[in-house]
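Quick notes on the structure that follows.
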Amino acid sequence: MARCPDCGGEVKYKAPFMVCLDCGLSMKRWDFDEQSKKIKAEFKKEMGESEEESDRKERQKKRDYHDWIMKKED
Ligand SMILES: [Zn+2]
């Protein structure tokens, strides 16, 4: 479900806008996608996590899962 970048409320798509049900913020779909990308990037920066780092973690997670599956089948 989409979240309002402003208040975190529920956002519904009402062509051609995304409208926040809580604060009434509305924007074009494209803007909304851009906004959420920006917010995610900022959030990661705040957490001190780079794009590279989260990629690495993602791969590690998959590897761990794979190992776990293999062990289970032994
Ligand atoms: Zn809102």
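If you go through segment 1-54 and keep only what is within 16 Å of the ligand (Cβ to nearest atom) and of a type in the set (Gly, Ala, Ser), you end up with 2, 8, 9, 24, 26, 36. A count restricted to segment 13-27 and to residues that are loosely packed, with under 12 Cβ neighbours inside 10 Å, assigned to a strand (DSSP E or B) and of a type outside the set (Phe, Trp, Tyr) stands at 1. For residue 68, the conditions (1) modelled with pLDDT of 90 or more; (2) not in a loop (DSSP other than H, G, I, E, B) are fulfilled apart from (1).
Pairs meeting the criteria (first residue in segment 1-28 and small (Gly, Ala, Ser), second residue more than 8 Å from the ligand (Cβ to nearest atom) and in a strand (DSSP E or B), beta carbons under 7 Å, at least 6 apart or on different chains) are 2/18; 26/17; 26/18; 26/19.
The values are calculated or read from the model by the stated rules, or taken from the named source; none is laboratory data. All values reported here derive from a predicted model rather than from experimental measurement. Here the Cβ is made from the backbone with ideal geometry for all residues, glycine too, and neighbour counts use every protein chain on show.
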